[in-house]
Amino acid sequence: MTTRETILSYFAALAAGGAWQDHFAPDASFSSYSTPSKEERGRDAFLDSTRGFYRMIDTVDVLELVTDGDAAGVRTRYRLRPPGREPFTSDVAEFFTVVDGRIASLAIYFDSVPYAG
């Protein structure tokens, strides 16, 4: 599977409520460059630290996807439904590295102000 195919498959699974987690390698790394910043190593640590975010996803749209070898940059728009709050949208810049058809790293950049509620 190409880098583009891997990333599109991940987002399709995420949008459909499928097994999106399976797209990540067991030793995948995750970096969030919002405030506060965060780094996680390993798929399980990443999933634990982002569980709240993934539970809020109502929809996700891939607005732009650029690939270069094993690297991909994606501009996404999430519609989120936090418990007890009005839904809101969040535009996110996501940068992936794909190795052997699995996501080896994900780094994200977004405005954290709307999440503070």
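Just so it is clear, none of the values below were taken in a lab; they were calculated from the coordinates. Everything numeric in this text was worked out from a predicted model, so none of it was measured. For neighbour counting, all protein chains shown are included, and Cβ atoms are generated from backbone atoms with ideal geometry for every residue, glycine included.
State the antiparallel share, in %, of DSSP beta bridges confined to the chain, rounding to the nearest 5. Each step should come with its number before you reach the end.
On the way: 32 of 37 bridges.
So the antiparallel bridges amount to about 85 percent of the total.
In whole percent, what relative contact order does the stretch 38-83 give with Cα contacts below 8 Å and a gap of six or more residues? Show your work: numbers first, answer last.
On the way: 43 pairs, mean separation 15.6, N = 46.
Over the stretch 38-83, the number comes to 34 percent.
Give me the dipole magnitude in Debye, nearest 20, for the stretch 8-117 about the Cα centre, with unit charges on the beta carbon: positive for Lys and Arg, negative for Asp and Glu.
Around 380 debye, computed over the stretch 8-117.
What 222 nm value per residue comes from the helices of the chain, counting each DSSP H run with n ≥ 4 as -39,500 (n - 2.57) and dividing by all residues, nearest 500 deg cm²/dmol?
Here the helix-only value at 222 nm equals -8000 deg cm²/dmol.
As I understand it, the dipole of the chain uses +1 on the Cβ of Lys and Arg and -1 on the Cβ of Asp and Glu, about the Cα centre. Which of Y78, A93, F11 lies farthest toward its positive end?
It is Y78, whose Cα lies furthest towards the positive end.
Taking only the alpha-carbon atoms of the stretch 1-86, what semi-axes of the equivalent ellipsoid follow from 5 times the gyration tensor eigenvalues under a square root, in whole Å, largest first?
For the stretch 1-86, the ellipsoid semi-axes come out as 21, 17, 13 Å.
So how far apart, in nm, are the two label points at D68 and V113 if each is 7 Å from Cα heading toward Cβ?
3.1
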